[in-house]
Amino acid sequence: RKEVEQDPGPFNVPEGATVAFNCTYSNSASQSFFWYRQDCRKEPKLLMSVYSSGNEDGRFTAQLNRASQYISLLIRDSKLSDSATYLCVVNDNQGGKLIFGQGTELSVKP
Amino acid sequence: GAGVSQSPSNKVTEKGKDVELRCDPISGHTALYWYRQSLGQGLEFLIYFQGNSAPDKSGLPSDRFSAERTGGSVSTLTIQRTQQEDSAVYLCASSSSGYEQFFGPGTRLTVL
């Protein structure tokens with residue numbers, strides 16, 4: 001079983017749609033959780049951290065369920081510029097390595 | 001301010017040759033990480049430096065791979081006797097807090 005699992009997609013959605021990505025992780029002791037965004041042939045960039053209480057940044061909402069070891073990302077009113085690969089990322093201990101999911105590809109069409 | 005920089009941006013080499021990849025972290029960042037991303041694969045961790053020491057090198061795939069960091073700054077990743085399966089994008093990241101990691105643009109390595 002992979003340490004971090006995501007649906008690879010691709011998700012093809014029209015502009016303005018709401019899209020949700022899900023991710024599960026295997027290590028119940030994992031401490032930090034993130035969503036990164038990676039554009040084609042570019043480096044990953046932090047989109048947002050994920051907290052148990054849920055957190056929102058504009059059109060983006062992230063949620064963590066520790067009991068189910070499940071992380072989600074919701075994108076509302078999707079824009080063409082949201083087209084990218086979204087990476088679910090887990091850190092098992094502060095300061096250490098990041099463990100990446102395979103990524104979910106999103107394509108937003110006009 | 002300057003971000004993480006890596007050189008070269010692209011490297012084409014012949015099987016069996018040695019290659020050296022360089023990473024310049026963000027100034028003041030004590031933690032430095034190497035990852036690689038192969039076609040169709042996710043990002044996989046290679047090695048982590050805190051200062052000049054490497055507390056976690058568990059991701060290095062074989063003894064052909066080595067890395068060092070000097071002066072708590074620049075790091076080099078060396079791959080000896082390259083094989084075709086070493087072809088990938090090698091990404092470096094740095095962090096001041098051990099929490100958010102900032103990635104460089106990567107070195108695209110092609111082994112012919």
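Listed values, structure above:
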{"quantity": "Of all residues making up the range A:49-73, the number that are within 21 Å of B:GLN37 (Cβ to Cβ) and either within 14 Å of chain B (Cβ to nearest Cβ) or of a type in the set (Asp, Glu) (or both)", "calculated": "0"}
{"quantity": "Of all residues making up the range B:70-105, the number that are on the phi > 0 side of the Ramachandran plot and more than 14 Å from chain A (Cβ to nearest Cβ)", "calculated": "3"}
{"quantity": "Of all residues making up the range B:9-49, the number that are among the aliphatic types (A, V, I, L, M), surrounded by fewer than 17 Cβ atoms within 10 Å (Cβ to Cβ) and within 12 Å of chain A (Cβ to nearest Cβ)", "calculated": "1"}
{"quantity": "Any chance A:TYR70 is surrounded by 15 or more Cβ atoms within 10 Å (Cβ to Cβ), closer than 30 Å to B:ASP56 by Cα and touching a strand residue (DSSP E or B) at 6+ places or on another chain (Cβ under 6 Å)", "calculated": "no"}
{"quantity": "Checklist (1) in contact with a Pro (Cβ under 9 Å, 6 or more places away or on another chain); (2) facing chain B (nearest Cβ under 10 Å); (3) in a loop (DSSP other than H, G, I, E, B) applied to A:SER78, failing item", "calculated": "(2)"}
{"quantity": "Criterion violated by B:THR76 - all others in (1) farther than 21 Å from A:LYS42 by Cα; (2) surrounded by fewer than 20 Cβ atoms within 10 Å (Cβ to Cβ) satisfied", "calculated": "(1)"}
{"quantity": "Subset tally (residues that are in contact with a Cys (Cβ under 7 Å, 6 or more places away or on another chain) and modelled with pLDDT under 95) for the range A:24-53", "calculated": "0"}
{"quantity": "Number of the condition not met by B:LYS57 [criteria: (1) free of Cβ contacts under 8 Å to residues at least 40 places away in the same chain; (2) loosely packed, with under 13 Cβ neighbours inside 10 Å]", "calculated": "(2)"}
{"quantity": "Criterion violated by B:SER94 - all others in (1) outside any loop (DSSP other than H, G, I, E, B); (2) farther than 25 Å from A:SER49 by Cβ; (3) of a type in the set (Ser, Thr, Tyr) satisfied", "calculated": "(2)"}
{"quantity": "Selection count, the range B:50-69, where residues are within 19 Å of B:GLN37 (Cα to Cα), part of a strand (DSSP E or B) and either more than 12 Å from chain A (Cβ to nearest Cβ) or modelled with pLDDT of 95 or more (or both)", "calculated": "3"}
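Here's the yes/no breakdown for (1) in contact (Cβ under 8 Å) with a residue 24 or more places away in the chain; (2) under 22 Å from A:VAL4 (Cβ atoms):
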position: B:PRO25; (1), (2): yes, no
position: B:LEU39; (1), (2): yes, yes
position: B:GLU44; (1), (2): no, yes
position: B:SER75; (1), (2): yes, no
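The values are calculated or read from the model by the stated rules, or taken from the named source; none is laboratory data. Quick caveat: nothing in here was measured; it's all calculated off a predicted structure. As a convention, Cβ positions derive from the backbone with ideal geometry for all residues, glycine included, and neighbour counts pool all protein chains shown.
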